[in-house]
1. For the chain, place one equal point scatterer on every Cα, skip the solvent, and apply the Debye formula. What is log10 of I(q)/I(0) at q = 0.08, 0.15 Å⁻¹?
2. In whole Å, what are the extents of segment 7-106 along the principal axes defined by its C-alpha atoms, from largest to smallest?
3. When we measure straight from the Cα of residue 23, which lysines land under 16 angstrom away, once same-chain ones fewer than 8 places off are left out?
4. Between residue 195 and residue 134, how many nm apart are label points set 7 Å from Cα along the C-beta direction?
5. Can you give the calculated 222 nm mean residue ellipticity of the chain, where each DSSP H run of n ≥ 4 adds -39,500 (n - 2.57) and the sum is split over every residue, rounded to the nearest 500 deg cm²/dmol?
6. To the nearest 20 debye, what is the magnitude of the charge dipole of segment 30-170 about its Cα centre, counting +1 on the Cβ of each Lys and Arg and -1 on the Cβ of each Asp and Glu?
7. State the antiparallel share, in %, of DSSP beta bridges confined to the chain, rounding to the nearest 5.
8. Could you state the principal axis extents of the C-alpha atoms in segment 139-226, from the largest down, to the nearest angstrom?
Amino acid sequence: VCPIQVVAILIILGMISCIMIFKSFEVGFLRTNCYLIGDELAGEGVLIDPGGDPELIIDAIRKLGVKVTQIINTHAHFDHTAANRALSQALGVGIFIHAKEVDALSRISGSALLWGFHIEDSPPPSGTIEEGENIKVGDILLRSIHTPGHSEGSLSFFIESHAKVIVGDTLFHGGIGRTDFPGGSYPQLIKSIKEKLFVLGDEIEVYPGHGPPTTLGWERNHNPFL
Ligand SMILES: [Zn+2]
Ligand SMILES: [Zn+2]
């Protein structure tokens, strides 16, 4: 009996609903966490924040045998979008982002140049993601949460079935996102974290745009910025 048959039997017995693929890759100049989230049985996934190293990401996707159906950016900063063009071409998929980030997405190569980095411009998005949308990946649902503050259109993605939230640069382990970039707002960031993320529950695992994962409970109790 091969592993896929075991999984199928468990699903038929109702013991598991789906097997999630959840991979993170540290990519690019600013060591951004790029996430691949997929449904093992459906064989499909979404790619969040391809911020660099496209060959590494493509290689991992091929090895997993996952069909990526869309690229999602938590926000438009170039460290989260630098490999948008390479990945969308290689995988033949569109890019999705909050409407308030579309403008900034069209200017990423210029922004990167100000920091001394040469990157390709992103293709325009194929669509936008608003607050409260359910993005379906096989049997897995990612619910979008608009968490402005680090940027106007920053998005987080809640995977309720697996108690995980991907937060981009809104919240870090022991830190919070910068608010000194255009469109940033410190009061809005704190409001987003407290009113949109902490309400999800202390046990929820947090996957930030940089650095290690944490939990909402740990950050609520120990994060010096909150
Ligand atoms: Zn950022
Ligand atoms: Zn970042």
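Nothing in this text is a laboratory measurement; each read-out follows from the coordinates by a stated rule. Quick caveat, the model's predicted, so the values are computed rather than measured. In this analysis, Cβ positions are derived from the backbone assuming ideal geometry, glycine residues included, and neighbour counts consider all displayed protein chains.
1. One equal scatterer on each Cα of the chain leads to -0.28, -0.96.
2. 48, 28, 23
3. Candidates past the 8-residue exclusion: 63, 67, 164.
4. Simple spin-label model gives 2.5 nm for this pair.
5. Working: 8 runs with 58 residues, N = 226.
Calculated from helices alone, the mean residue ellipticity at 222 nm is -6500 deg cm²/dmol.
6. On the way: 10 positive and 19 negative charges, 35 e Å.
Using only the charged Cβ atoms, the result is roughly 160 debye.
7. Values: 28 of 41 bridges.
Bridges in the chain are about 70 percent antiparallel.
8. 37, 27, 22
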